[in-house]
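The values are calculated or read from the model by the stated rules, or taken from the named source; none is laboratory data. Here the structure is a predicted model, which means the values were calculated and not measured. So basically every Cβ, Gly included, is an ideal-geometry build from the backbone, and we count neighbours across all protein chains shown.
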Amino acid sequence: MRERYNEQLNNLHEKLIEMGNLCQEAIGAAASSLMVRQDEERRKAFAADEKIDALEREIEDLCMRLLLQQQPVARDLRSISSALKMISDMERIGDQAADIAELAQYLAENKLKEKELLLDMAKAAVEMVDESVAAFVEGDLRRAHQVIAQDDEVDGLFNKIRQELLKGEVEMRVGLDLLMAGKYLERIGDHAVNIAEWVEYSITGEHKSHEHQLWEQ
């Protein structure tokens with residue numbers, strides 16, 4: 001019985017890794033489509049979002065079967081319930097990456113220095129998603145704390161974009177689209193933090209909000 005249970009848990013971890021990889025793919029494709037007009041990259045972001053939605057349903061079903069059929073003990077119960085929370089955040093990440101790809105059709109043809117800041121935000125967000133999922137699979141609390149601390153980098157880049165736009169050098173419509181793209185990336189960072197917080201819960205049994213809290217590196 002336990003062997004079958006461990007097999008299902010491993011399957012859960014594999015699907016979470018797959019979902020995390022799709023989130024990274026969606027963010028990366030959306031960011032690429034912002035830099036220059038790349039319809040293929042936009043379509044890749046939309047396709048990844050659809051796959052993320054489908055995987056969310058698969059993982060929900062797997063988690064429910066684990067809960068109903070295996071009657072997990074405390075640590076495993078926390079792990080499964082955390083996974084259910086995490087996939088909700090990853091589904092939102094996919095949605096927000098698709099929203100960025102939608103904005104790309106308006107921003108791609110504009111050569112703006114602020115887009116480089118968006119690219120930096122996207123790179124940081126991809127790393128946060130990757131690390132938060134890895135922290136869960138490996139049960140690595142320190143890694144989860146590092147994700148939480150990294151959110152300051154994403155927030156700082158978003159503030160730089162706002163400061164640049166306040167100079168009034170960018171057309172208002174374009175500026176609003178840039179701001180929205182930055183806000184979506186900032187929210188993606190927040191979702192990665194949420195995932196890391198659920199990792200902490202799965203390990204310690206305590207769920208805390210770490211907004212603005214710094215951890216030792």
Next item on the list: Those residues that are small (G, A, S), touching a Leu at 6+ places or on another chain (Cβ under 6 Å) and over 23 Å from R92 (Cα atoms), I need them from segment 150-209; list them, please.
Entry: G175
Check: Within the set of pairs 6+ apart or on separate chains, which have a first residue in segment 201-217 that is closer than 18 Å to A83 by Cβ, a second that is among the aliphatic types (A, V, I, L, M) and modelled with pLDDT of 50 or more, and C-beta atoms under 6 Å apart?
Finding: I203/L141
Next item on the list: State all residues of segment 5-49 that are in contact (Cβ under 8 Å) with a residue 24 or more places away in the chain, over 29 Å from E116 (Cβ atoms) and not aliphatic (A, V, I, L, M); if no residue qualifies, say none.
Entry: Y5, Q8, N11, H13, K15, E18
Check: Just one of the numbered conditions (1) under 24 Å from A135 (Cβ atoms); (2) of a type in the set (K, R); (3) surrounded by fewer than 17 Cβ atoms within 10 Å (Cβ to Cβ) is not true of K15; which one?
Finding: (3)
Note to self: Restricting to segment 135-163, name every residue that is under 18 Å from Y201 (Cα atoms) and in contact (Cβ under 8 Å) with a residue 60 or more places away in the chain.
What the structure shows: A135, F136, V137, G139, L141, H145, Q146, I148, A149
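Of the residues in segment 164-200, how many are farther than 25 Å from Q24 by Cβ and free of Cβ contacts under 8 Å to residues at least 24 places away in the same chain?
8
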Next item on the list: Considering every residue within segment 38-57, establish whether at least one is more than 26 Å from G156 (Cα to Cα), of a type in the set (D, E) and buried (at least 23 other Cβ atoms within 10 Å of the Cβ).
Entry: yes
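So in segment 44-79, with the set limited to residues that are among the basic types (K, R) and modelled with pLDDT of 95 or more, which one is farthest from G94 (Cα to Cα)?
R57
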